[in-house]
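The values are calculated or read from the model by the stated rules, or taken from the named source; none is laboratory data. Keep in mind it's a predicted model, so treat the numbers as computed, not measured. Reconstructed Cβ throughout: ideal geometry from the backbone, glycine too, with neighbour counts over all protein chains shown.
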Amino acid sequence: MRPLAWLRPRVRAADYAYALRHEARALLGRRTDPARYLSPPSSARDSSPGGTDRPDRAAAHVPALLLPGVYETWRFLEPLAAHLATAGHPVHVLSTLGINRRPVTDAAARAAEYLDEHDLTGVVLVAHSKGGLIGKTLMLADDGARVAGMVAVATPWAGSPYARLFPPGSAVRHFSPRDRQVLALARERAVNARIVAVAPSWDPHIPGTGELAGARRNVRLAGAGHFRVLGDADLLAAVRSAVRELGAEWESPAEP
């Protein structure tokens, strides 16, 4: 084995290049009105396996709420927003998060306020990295009753040992495996069955499998990278499928 091959420098470089490119696009690019994603185009089609060429009416009843990762704005996930809207889902965003540096509990409270303000129910959370911890915190709160489920991508469910390399007070330091909130969330498993956890084949920021114990489903992607997988076709398909699945169950609960 070549020296430092285990670091996968090429994968890391490609991952960071993706993150920098899309972060710059999110912060400096053309500003898209997020309201455009609330009204899916009338031409939205059912592009699921075995689907028809008719508008995907079922999807139009399943709203999604984007929860970005640390130091990300909602615009970092705009490709996901566009993909879900094209499939027929009304997509909501939390502009008040700004560049997501807020504590997890604060961000979850803002998400709850948004759901209350817009009287949203049956919502499927679509989260990246830290966003998954925000989403789980929301699901465990009173307003979690409004949430049908969550699909979380590359979330540090058990924290990351690399977080300890950051200075105290840093937004990333809170992801230490010894952080009280990370440990508390890991102990709470009541909502895990409503979470689809998606992880890359290798994540430079989160060692291990990235799986969530007791999850509805753990999905392992072929692609590698903490950020770069957000643009993979199989990731987009996995997210779309999970949103429809979780939303459909909310609309048609099982008979007692």
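Working only within the range 146-173, note down all residues that are part of a helix (DSSP H, G or I) and over 18 Å from the mean Cα position of the chain (by Cα). Once the filter is applied, which keeps residues that are part of a helix (DSSP H, G or I) and over 18 Å from the mean Cα position of the chain (by Cα), the range 146-173 yields PRO161, TYR162, ALA163, ARG164, LEU165, ARG173. The numbered conditions (1) surrounded by 15 or more Cβ atoms within 10 Å (Cβ to Cβ); (2) part of a loop (DSSP other than H, G, I, E, B) are all true for GLY208 except (1).
Of all residues in the range 42-74 being modelled with pLDDT of 90 or more and of a type outside the set (A, V, I, L, M, F, W, C), which is farthest from ALA107 (Cα to Cα)? Before the answer, list the steps.
Taking the range 42-74 as the starting set, the residues that turn out to be modelled with pLDDT of 90 or more are 62-74.
Okay, now just the ones that are also of a type outside the set (A, V, I, L, M, F, W, C), so 63, 68-69, 71-73.
Values: PRO63: 19, PRO68: 10, GLY69: 11, TYR71: 13, GLU72: 13, THR73: 12 Å.
This residue is PRO63.
Test ALA17 against the stated conditions and say whether it is modelled with pLDDT of 90 or more, among the aliphatic types (A, V, I, L, M) and within 17 Å of the chain's Cα centre (by Cα). For ALA17, the condition - modelled with pLDDT of 90 or more, among the aliphatic types (A, V, I, L, M) and within 17 Å of the chain's Cα centre (by Cα) - is not met.
Between LEU120, LEU140, which is in contact with a helix residue (DSSP H, G or I) (Cβ under 7 Å, 6 or more places away or on another chain) and under 27 Å from ALA248 (Cα atoms)?
Numbers: LEU140 fails: in contact with a helix residue (DSSP H, G or I) (Cβ under 7 Å, 6 or more places away or on another chain).
Exactly one of LEU120, LEU140 is in contact with a helix residue (DSSP H, G or I) (Cβ under 7 Å, 6 or more places away or on another chain) and under 27 Å from ALA248 (Cα atoms), namely LEU120.
Hey, can you tell me all the residues within the range 65-93 that are touching a helix residue (DSSP H, G or I) at 6+ places or on another chain (Cβ under 6 Å) and in a loop (DSSP other than H, G, I, E, B)? Once the filter is applied, which keeps residues that are touching a helix residue (DSSP H, G or I) at 6+ places or on another chain (Cβ under 6 Å) and in a loop (DSSP other than H, G, I, E, B), the range 65-93 yields PRO68, GLY69, VAL70, THR73, ALA87, GLY88, HIS89, VAL93. Among the residues of the range 216-246, the one identified as assigned to a loop (DSSP other than H, G, I, E, B), touching a Lys or Arg at 6+ places or on another chain (Cβ under 9 Å) and under 13 Å from ALA152 (Cα atoms) is ARG216. Residues in the range 151-201 that are under 30 Å from ALA233 (Cβ atoms), among the small types (Gly, Ala, Ser) and touching a helix residue (DSSP H, G or I) at 6+ places or on another chain (Cβ under 9 Å): ALA152, ALA154, ALA158, GLY159, SER160, ALA197, ALA199, SER201. Selection of the range 97-136 for residues being more than 25 Å from ASP179 (Cα to Cα) and either surrounded by fewer than 16 Cβ atoms within 10 Å (Cβ to Cβ) or free of Cβ contacts under 8 Å to residues at least 12 places away in the same chain (or both) yields GLU113, ASP116, GLU117, HIS118, ASP119, THR121. Going through (1) more than 23 Å from LEU133 (Cβ to Cβ); (2) at pLDDT below 90 one by one, ALA85 falls short only on (2).
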